[in-house]
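Comments concern the structure below.
The values are calculated or read from the model by the stated rules, or taken from the named source; none is laboratory data. No experiment lies behind these values; they were computed from the predicted model shown. Cβ atoms come from the backbone with ideal geometry, glycine included; neighbour counts cover every protein chain shown.
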Amino acid sequence: MLICFVLCGEEGNSERLSFTANEQNEMIRLQSFVHGRMEPGRNIQTYEFILKQSENMRGVFQIDSVSSDLKLELIKKEFPFDSKTSCANANSGNTFSCKIEIQSLEKGTYRLTVFRATNKKESDFNLFAGIFGKGYIDVDSTSDR
């Protein structure tokens, strides 16, 4: 039972991110936008993507919401331990943003986790995932290659 808890984790409500490709000025740009909703009684939502190859590519991941308790974490699945990058909320008027920038994305399986400490009310959010650079990328979830 403990083995399943460690291996299964929070993947029951995971969605695969779908990226749209846009190449301009010899720069590759992959973007994904998700309008999500965290329902009452739920405090985590995960989105996954796989980089089959990545060279000279950067990543920007951001969540915007009117709810101050939503946070974002980028997890790179690795054996034996995952690596995690978190962000802190920044307030811009009545909107809270949480942004993660990765200067060099590496090949691997990634999970973006939107989470909160309390789960009593509904929270809407906008999630942006962008991968860009002048290198090479092969993403397992692109909708337009």
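Only one of these is modelled with pLDDT of 95 or more and among the small types (Gly, Ala, Ser): Gly130, Gly135. Name it. Even if it seems obvious, please write down each step before you answer.
Details: Gly135 fails: modelled with pLDDT of 95 or more.
Criteria check complete, one pass: Gly130.
Just checking, does the stretch 111-133 include any residue being surrounded by 14 or more Cβ atoms within 10 Å (Cβ to Cβ) and charged (D, E, K, R)? Spell out the reasoning first.
Step one: of the stretch 111-133, the residues surrounded by 14 or more Cβ atoms within 10 Å (Cβ to Cβ) are 111-116, 119, 123, 125-133.
Within this subset, residues satisfying the condition of being charged (D, E, K, R) are 111, 116.
Yes, the conditions are met somewhere in the stretch 111-133.
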Please enumerate the residues belonging to the stretch 92-143 that are of a type in the set (Ser, Thr, Tyr), part of a strand (DSSP E or B) and touching a residue at least 12 places away in the same chain (Cβ under 8 Å). Thr95, Ser97, Thr109, Tyr110, Thr113, Ser123, Tyr136, Thr142, Ser143
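Of the residues Ser67, Ser83, Ser97, which is farther than 16 Å from Leu17 by Cα and loosely packed, with under 13 Cβ neighbours inside 10 Å?
It is Ser83.
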Only one of these conditions is not met by Asn25: (1) at positive phi; (2) surrounded by 12 or more Cβ atoms within 10 Å (Cβ to Cβ); (3) of a type in the set (S, T, N, Q). Which number is it? (2)
